[in-house]
Amino acid sequence: MFDLIPGQPVAATTALTVGLLAIAAVDARTRTIPNLSILALGTAVVAASAFDHLNSTQWVTGAACGALAFVFYLERAVADDAAGRTPVGAGDIKLIGVPIGVFGMASPLLAAVVFLLGFIFHSVIAQLTRGVHNADEENTAHGPALAAAAIVGLTILTHGTGEVAA
């Protein structure tokens with residue numbers, strides 16, 4: 001049994017990370033993120049957050065961080081499409097608000113770190129798979145990059161702000 005860090009979304013980020021790993025497996029194989037999986041992930045995160053005893057300021061901060069990430073990805077897709085590049089997928093746009101919102105409940109700075117790590121990991125994965133997939137024809141799966149960023153974020157949250165005792 002975990003002794004959760006008071007006031008931190010440890011249960012929510014754990015549920016998020018497990019869910020992102022499942023989504024990453026599907027995204028890596030199919031290059032799509034189904035809407036139902038995003039809905040299920042969001043529902044699981046909200047249910048798990050009941051164990052975290054978060055205050056209203058944390059919820060508002062998380063929602064603001066998630067909305068900002070969503071708008072950033074939406075604008076990126078519009079700009080890519082206008083420039084004739086393959087835009088980021090619609091599933092990626094809808095998904096990004098969930099992990100960034102959850103980490104935003106802990107700290108907007110942690111949310112920014114996870115957001116930037118997602119970009120870095122996505123770039124690395126794109127470079128490593130360049131010979132496997134034609135980058136001009138299909139996007140690199142972003143789910144695995146978000147899952148890796150969430151693992152780092154969960155590690156920072158549990159080891160940087162307190163300790164999860166067994």
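The values are calculated or read from the model by the stated rules, or taken from the named source; none is laboratory data. Predicted model, so just to flag it, every value in this text is computed and none were measured. Neighbour counts are summed over all protein chains in view; Cβ atoms, including those assigned to glycine, are modelled from backbone coordinates with ideal geometry. These area figures cover heavy atoms from the full protein model, side chains too; ligands, DNA and RNA do not enter into them. Shrake-Rupley method; radii C 1.70, N 1.55, O 1.52, S 1.80 Å.
General remarks:
- Per residue value of the accessible surface for the chain (all protein chains in place, 1.4 Å probe), Å²: 52
- Sorted largest first by accessible area at a 1.4 angstrom probe radius, with every protein chain in place, the residues PHE103, PHE72, PHE121, PHE51 fall in the order PHE51, PHE72, PHE121, PHE103.
- Within a Gaussian network of the chain (alpha carbon springs, distance under 10 Å), most fluctuating of ALA150, ALA111, ALA64: ALA64
- Taking all protein chains together and rolling a 1.4 Å probe, ILE33 ends up with roughly 20 Å² accessible.
- Within the accessible area of the chain (1.4 Å probe), percent carbon and sulfur: 69
- Among PRO34, PRO144, PRO99: highest mean-square fluctuation, GNM of the chain, C-alpha pairs under 10 Å: PRO34
- From the C-alpha gyration tensor of the chain, square roots of 5λ in Å: 28, 16, 14
- Here the extension length gained between HIS53 and THR32 equals 4.2 nm, from 0.36 nm per residue of separation less the Cα-Cα distance.
- Charge sum, other residues only, whose C-beta stays under 13 Å from ILE38's C-beta, Lys/Arg counted +1 and Asp/Glu -1: -1
- Estimated 222 nm signal from helices in the chain, with DSSP H stretches of n ≥ 4 weighted -39500 (n - 2.57), rounded to 500: -24500 deg cm²/dmol
- Semi-axis lengths, Å, region 15-90, gyration tensor of Cα atoms, sqrt of 5 times eigenvalues: 27, 19, 7
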